[in-house]
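Derivation of every value follows stated rules applied to the coordinates shown; laboratory data play no part. Keep in mind that what you see is a predicted model, and the values were worked out from it rather than measured. All Cβ positions, glycine included, derive from the backbone under ideal geometry; neighbour counts span all protein chains shown.
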Amino acid sequence: MVCKQTTAGQQDSQFTSLDFIKLLKDAEISISMDGKGAWRDNRMIERFWRSVKYEEIYLHAYTNVPEAHAGIGKYIKFYNQRRPYSSLAGKTPDQAYFNQPKPIPVAA
């Protein structure tokens, strides 16, 4: 296990066992590891999963896997279609990347 320090000061772990690397290579999957400080490779996906955890998973006490699957799927749909982002000029990911129309706001 290789530990690295991220820019936010959080501790991340990257597991790079030889068996796992062989599995990826056998499946012809490219491995992105450019050495120390490679937080650039996965910071966006880490931010995404942090949002999923804090805005969905930690707020619900799922009783089984199908319930969790449905809840997380619903959240991901919301994340892409209804949640605007300042880094995307107030657009949702679907609007920014697929030129989708702006959703009609609904009352909470």
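Could you give me D for the range 56-108, from Stokes-Einstein at 20 °C and 1.002 mPa s, where the hydrodynamic radius is the Kirkwood radius over C-alpha pairs? Units µm² s⁻¹, please.
173
By how many nm would the segment from Y54 to K91 lengthen if fully extended, with 0.36 nm per residue of separation less the alpha-carbon distance?
Stretched out fully, the Y54 to K91 stretch lengthens by 11.2 nm.
Amide H to amide H under 5 Å from K91: which residues, 5+ apart in sequence or cross-chain, H placed 1.01 Å off N in plane?
Amide H neighbours of K91: Y85.
Give me the number: length gained by fully extending D19 to E67, i.e. 0.36 nm times residue separation minus the C-alpha to C-alpha distance, one decimal in nm.
Extending this stretch completely gives an extra 14.0 nm.
HN-Hα J couplings of the range 67-73 from phi, Karplus 6.51/-1.76/1.60, θ = phi - 60°, integer Hz, Gly and Pro as x?
With the stated coefficients, the range 67-73 comes to 5, 5, 4, 5, x, 5, x Hz.
Rg and Dmax of the range 42-83 over Cα atoms: what are they, in angstrom?
Rg, Dmax (Cα atoms, Å): 10.5, 30.
In what sequence do I29, I57 fall when counting other Cβ within 10 Å, fewest first?
The fewest-first ordering by Cβ neighbours comes to I29, I57.
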